[in-house]
Amino acid sequence: MAIDRTVPEVHLHIGDERRTTGAGGVHEHRYPVTGESQGPVPLAGPADVDDAVRAAAAAFDTWREWTPWQRRDVLVRLAELLDGARDELARLSVLDNGMTHGIAQFTASSVVDYTRYYAGWADKVEGRVTSSPAHGRELAYTAPEPYGVIGVIITWNGPLVSIGMKVIPALAAGNTVVVKPSELTPYATEHFMDLVREAGIPAGVVNMLPGSAEAGEALVAHPVVQKISFTGGPTAARRILAGCAETLKPAVLELGGKSASLVFPDADLDAVAFIASASVHQTLAGQGCALATRLVVHDDAYDRLAEKVVEFTRGITLGDPFDPSTGMGPVVSREAQERIIAMIDRAQADGTGKLLIGGGIPGGVLADGFFVEPTVFGDVAPDSELGQVEVFGPVLSLMRFHSEDEALAIANGTSYGLASYVWTQDVARINRLTARLEAGGVYVNGASPVVGCELPFGGVGISGYGREGGQEGLMEFVRTKAVAIA
């Protein structure tokens, strides 16, 4: 059956408008598999951002007056529409950034799951009574309230997941939002906005503006925006915080990672090799913030595991992401491809690791696309660039350790702190390590950060702060008012 590779026209969604042009110019979107143009993407400029924020502010007065169960019901309707559109959302996600169709199905399912989950929370945002006249004191209670207009800036590797973790809880809490998706991934979010309208969410409650960094800066700086939720890298996050400082507005930052997976001799090495290689290479071609890109292995198991990892990696097929036999697609852009290859070349030149497999750009029919071979380095120095800096590409680094303390020192030895992974059958060791690993989450024996909507996700250090997912993710979008009546 022929694959539908058509893409929708992209708009700036501002209030009840669907603008076909923006003050920020035009981005020519290229399909990462072939490098061919798929069409223009209008970019928002500061004036468009101002219009969107004003539309969101006007809609907030109406949206906050909806009862919590009305917001619950409309989010349930949105979840039903998203569920019915899973295949189309997945198709557009592949065309957005070249992710494999299997991963695209997962991201489409995630936004459905988050919408259902937070619809259930919409009527459960509750305060508490702290004193009453019955106790001879004033009536005092807390009132959780929405902030107002939330600015949401999402990155290109998984826009639907970011919408589920950011936009949906903000709406459930009673806020309105202005969302800036990356110009690199405009198609799935365009269809999401069609479903928002169809669900009956009032105009202006959700505004969507594809744009470059200029649009993001205007959104952060806007005085009406009450909070920023951002997913991206530490460099951009520092600029965002500088902008937030002007009005002292808070922010939630979900940033990068250089996560370590600690492997002890009693681990199931076949399972480790499969998951380590599949997650770093086959999950978004390594373009994921919480992937275990550092495989830190006990010396007693290192040689056996390295051999298994190379074997699994060799079996990964690059190609058309719509083809079920394809194990890995391209990276998002030519610039990303060149940056990753440059990092690989530097690692080989400075001798900080031994290239075990991959490391290049495939030829033949894939040469015009943005592909990078799945790559594994062995005996990587923990203090090297490859051991310290997020690659955000299909590169796995193996490192050795000889003691538990040394493993901890390597795992905690970067500025990041998003996730840590442990492989061992020793329950006492698991309990020791989970307490000492400096990360926002610790995942043991194949567990994953994406186990469900109810588990919060976020980091420490330059991996950011604040949490997404779970009740904690909802509470990021409310602030508490204290009320006392004498």
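The values are calculated or read from the model by the stated rules, or taken from the named source; none is laboratory data. All of these numbers come straight from a predicted model, not from anything done at the bench. Every residue, glycine as well, gets a Cβ built from its backbone with ideal geometry; the counts of neighbours run over all protein chains shown. For accessibility, only protein heavy atoms count, side chains too; no ligands or nucleic acids. Shrake-Rupley method; radii C 1.70, N 1.55, O 1.52, S 1.80 Å.
Being open to solvent by 70 Å² or more (accessible area, probe 1.4 Å) and either under 30 Å from Trp121 (Cα atoms) or under 23 Å from the mean Cα position of the chain (by Cα) (or both) is true for just one of Glu28, Glu9, Glu36, Glu80. Which residue is that?
Checking each option against the conditions leaves just Glu80.
Tell me, yes or no, whether region 137-144 has at least one residue that is without any contact (Cβ under 8 Å) to a residue 24 or more places away in the chain and open to solvent by 20 Å² or more (accessible area, probe 1.4 Å).
Taking every residue of region 137-144 in turn, at least one turns out to be without any contact (Cβ under 8 Å) to a residue 24 or more places away in the chain and open to solvent by 20 Å² or more (accessible area, probe 1.4 Å).
Within region 114-124, can one find any residue that is open to solvent by 10 Å² or more (accessible area, probe 1.4 Å), touching a residue at least 12 places away in the same chain (Cβ under 8 Å) and closer than 30 Å to Arg5 by Cα?
Yes, region 114-124 has at least one match.
Assess whether Ser279 counts as being more than 24 Å from Ala55 (Cβ to Cβ) and in a helix (DSSP H, G or I).
The answer is yes for Ser279.
Limited to region 345-369, what total is found for residues that are more than 20 Å from Gly35 (Cβ to Cβ) and either modelled with pLDDT of 95 or more or not acidic (Asp, Glu) (or both)? Write out each step before concluding.
Restricting attention to region 345-369, the residues satisfying the condition of being more than 20 Å from Gly35 (Cβ to Cβ) are 345-359.
Add one more test, that the residue is either modelled with pLDDT of 95 or more or not acidic (Asp, Glu) (or both), and what stays is 345-349, 351-359.
Number satisfying all stated conditions: 14.
For region 204-260, name all the residues that are of a type in the set (Asp, Glu) and open to solvent by less than 20 Å² (accessible area, probe 1.4 Å).
Answer for region 204-260, where residues must be of a type in the set (Asp, Glu) and open to solvent by less than 20 Å² (accessible area, probe 1.4 Å): just Glu254.
Return the only residue of Arg479, Arg467 being basic (Lys, Arg) and under 21 Å from Gly120 (Cβ atoms).
Arg467
Do you know which residues across region 42-65 are touching a helix residue (DSSP H, G or I) at 6+ places or on another chain (Cβ under 8 Å) and farther than 22 Å from Pro210 by Cα?
The answer is Trp63, and nothing else.
For residues that are within 13 Å of Leu408 (Cβ to Cβ) and open to solvent by 40 Å² or more (accessible area, probe 1.4 Å), tally how many sit in region 421-458.
7
Being within 23 Å of Ala260 (Cα to Cα), open to solvent by 10 Å² or more (accessible area, probe 1.4 Å) and in contact with a strand residue (DSSP E or B) (Cβ under 7 Å, 6 or more places away or on another chain) is true for just one of Gly351, Gly358. Which residue is that?
That would be Gly358, the only listed residue that is within 23 Å of Ala260 (Cα to Cα), open to solvent by 10 Å² or more (accessible area, probe 1.4 Å) and in contact with a strand residue (DSSP E or B) (Cβ under 7 Å, 6 or more places away or on another chain).
Considering every residue within region 272-295, establish whether at least one is in contact with a Lys or Arg (Cβ under 6 Å, 6 or more places away or on another chain) and either closer than 30 Å to Gly458 by Cα or not polar (S, T, N, Q) (or both).
yes
Given Glu406, Glu468, Glu373, which one is acidic (Asp, Glu) and in contact with a strand residue (DSSP E or B) (Cβ under 7 Å, 6 or more places away or on another chain)? If you could, list the steps in order and put the result at the bottom.
Values: Glu406 fails: in contact with a strand residue (DSSP E or B) (Cβ under 7 Å, 6 or more places away or on another chain); Glu373 fails: in contact with a strand residue (DSSP E or B) (Cβ under 7 Å, 6 or more places away or on another chain).
Unique residue meeting the criteria: Glu468.
So which of Val252, Val263 ends up being at pLDDT 95 or above, of a type outside the set (S, T, N, Q) and in contact with a helix residue (DSSP H, G or I) (Cβ under 6 Å, 6 or more places away or on another chain)? Walk me through it before giving the result.
On the way: Val252 fails: in contact with a helix residue (DSSP H, G or I) (Cβ under 6 Å, 6 or more places away or on another chain).
From the options Val252, Val263, the qualifying one is Val263.
Could you run through region 83-113 and say how many residues are open to solvent by 20 Å² or more (accessible area, probe 1.4 Å) and closer than 20 Å to Ser162 by Cβ?
11
Where residues in region 57-72 are outside any helix (DSSP H, G or I) and open to solvent by 70 Å² or more (accessible area, probe 1.4 Å), which of them is nearest to Gly15 (Cα to Cα)?
Result: Arg64.
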